[in-house]
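See structure below.
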Number of protein chains: 2
Amino acid sequence: MKNEYQSKLESFFSGNRRMPTYSEMMKLFDFKSKNAVFKLVKKLIDANLVAKDHLGRLVPAKSFGEVPILGFVTAGLPASAEEELLNTVSLDDMLIGKKDLTYMLEVEGDSMIEAHIEKGDMILVEKCNKARDGEIVIAEVDGEYTMKYFKEKNDKVWLEPANKNYKPIYPRQSLNVIGKLKAVIRKY
Amino acid sequence: MKNEYQSKLESFFSGNRRMPTYSEMMKLFDFKSKNAVFKLVKKLIDANLVAKDHLGRLVPAKSFGEVPILGFVTAGLPASAEEELLNTVSLDDMLIGKKDLTYMLEVEGDSMIEAHIEKGDMILVEKCNKARDGEIVIAEVDGEYTMKYFKEKNDKVWLEPANKNYKPIYPRQSLNVIGKLKAVIRKY
DNA sequence: AGTATAAGTGAACGAACGTTCACCTGTCAA
DNA sequence: TTGACAGGTGAACGTTCGTTCACTTATACT
């Protein structure tokens with residue numbers, strides 16, 4: 001499935017943020033004729049490794065920057081054997097809904113540790129100014145910013161940490177939701 | 001910093017996986033002359049919102065698909081005010097080292113719960129066949145696949161869960177490391 | 001009002017692109 | 001040996017791209 005040509009195209013694409021022209025592919029694949037490229041591209045298209053625009057321009061296949069999803073981990077890898085009938089995802093598409101409203105923060109402190117969010121984790125936050133009971137939010141309370149569970153009951157609104165060593169925060173004056181937690185990312 | 005034009009370009013790029021031609025930008029920006037586009041592009045280049053190849057072809061600025069990093073969360077957002085002097089990352093670049101060797105799995109069970117990896121989390125695994133003491137690995141022991149801490153001492157090799165309800169696994173016959181845990185991703 | 005400066009129109013042009021054509025290998029089967 | 005076919009070469013062609021030129025319209029400042 002994945003051949004030499006596609007790897008070269010992928011690395012060209014990720015390095016240059018665009019597909020190569022036929023002339024560039026001549027160098028890339030070590031051909032001496034553009035027509036050789038032309039015929040090769042036809043095959044790649046048939047194999048769904050690349051595609052063409054409505055304008056006839058070459059564009060990367062959907063799966064270009066994507067990561068295969070192989071299954072569940074305790075269930076084991078599917079025979080580790082051939083990874084064919086699987087899905088792929090682009091991490092960006094998977095994690096980012098409204099791009100303009102999304103940003104990343106690094107977690108400090110351990111107030112959300114029981115939600116399995118620890119110091120050093122990166123979080124993706126989507127800006128918004130309201131939340132529902134039980135969601136994890138970034139909020140500004142009485143002038144300070146913090147990440148907590150958002151709680152709401154009988155018109156009362158407060159924040160709760162996920163750590164029994166900390167106490168709930170009942171806003172004296174103001175509680176402004178800045179954004180919702182959309183994802184946690186931990187690098188090893 | 002971020003204007004109408006860049007948003008349109010970004011959405012065109014993420015939709016079409018390439019930059020628009022000048023003719024397409026005419027429609028996109030509602031111009032009636034290619035030269036209007038030409039002048040506009042010049043400005044976008046000066047502002048570093050897009051760039052040009054060594055071949056004179058338009059390519060997206062590096063920050064195109066990227067997410068801004070605003071700081072730490074307990075420290076609060078930097079004045080929420082203007083988000084200028086910050087970094088941005090592409091999630092793919094941030095998380096994926098060796099693309100061909102990376103895949104994704106969904107976590108089942110709670111054997112790594114004390115490492116704050118819970119059921120339903122997605123993990124990024126990079127294939128490799130050895131690991132160092134203390135790293136989290138996907139391994140095959142006596143025919144079964146599992147995610148655990150890899151332990152090694154005095155030429156002995158075994159796996160340890162991050163959950164005191166489970167016991168370490170001492171391989172009867174074989175212990176093959178399949179890959180290392182590179183990242184944990186949890187969606188909300 | 002007058003005049004710079006910026007921004008848009010419309011037509012033209014050379015260059016480079018993707019495509020096509022004709023031809024030249026190798027390789028494998030009949 | 002012959003024929004068919006896939007794969008590569010080299011040259012040619014029409015299209016469309018990015019760019020340029022000359023001109024017009026809007027905005028702002030004196």
List the aspartates and glutamates whose Cα sits under 16 Å from the Cα of B:Lys8, skipping any in the same chain fewer than 8 residues away. A:Asp100, B:Glu24, B:Asp30, B:Glu66
Most fluctuating residue of A:Ala61, A:Ala36, A:Ala162 in a GNM of chain A with Cα springs under 10 Å: which is it? A:Ala36
Solvent-accessible area per residue for chain B (1.4 angstrom probe, square angstrom): 56 Å²
Of the options B:Tyr149, B:Asn3, B:Phe72, report the single residue whose Cα projects farthest towards the positive end of the charge dipole of chain B (beta-carbon charges: Lys, Arg +1; Asp, Glu -1). B:Asn3
Listed pairs A:Lys34/B:Lys42; A:Lys119/B:Lys180; A:Lys62/B:Lys180; B:Lys62/B:Lys187; A:Lys187/B:Lys52; A:Lys98/A:Lys167 exceeding 30 Å between Cα atoms: A:Lys34/B:Lys42; A:Lys187/B:Lys52; A:Lys98/A:Lys167
Label distances, nm, B:Arg132 versus same residue in remaining copies, Cβ-directed 7 Å point: 4.5
Using a 1.4 Å probe over the heavy atoms of the protein chains, calculate the carbon and sulfur portion of the accessible area of the range B:4-64 as a whole percent. 53 percent
Of A:Tyr103, A:Ile136, A:Trp158, which is farthest along the charge dipole of the range A:99-185 in the positive direction, counting Lys and Arg as +1 and Asp and Glu as -1 at C-beta? A:Trp158
Surface/4 estimate of mean projected area, convex hull on alpha-carbon atoms of the protein assembly as shown, nm²: 24.3 nm²
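Probe radius 1.4 Å, ligands and nucleic acids ignored: give me the carbon and sulfur share of the accessible area of the range A:99-185 as a rounded percent.
Its accessible area is 44 percent carbon and sulfur atoms.
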Provide a list, ordered by number, of residues in the range B:141-170 showing at least 20 Å² less accessible area with every protein chain present than when their chain is taken on its own, using a 1.4 Å probe. B:Tyr145
Shape call for chain B from the C-alpha gyration tensor, a ≥ b ≥ c root eigenvalues: rounded (a/c under 1.5), prolate (a/b greater than b/c) or oblate? prolate
Total charge dipole magnitude, the protein assembly as shown, about the Cα centre, Cβ charges on Lys, Arg, Asp, Glu only, Debye to nearest 20: 1500 debye
Could you tell me the total accessible area buried at the B-A interface, probe 1.4 Å, in square angstrom to the nearest hundred? 6300 Å²
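The values are calculated or read from the model by the stated rules, or taken from the named source; none is laboratory data. In this text the structure is predicted, and so the values were computed from the model without any measurement. No Cβ is skipped: glycine too gets one built from the backbone with ideal geometry, and neighbour counts run over all protein chains shown. Surface accessibility is based on the protein's heavy atoms, side chains included, excluding ligands, DNA and RNA. Shrake-Rupley method; radii C 1.70, N 1.55, O 1.52, S 1.80 Å.
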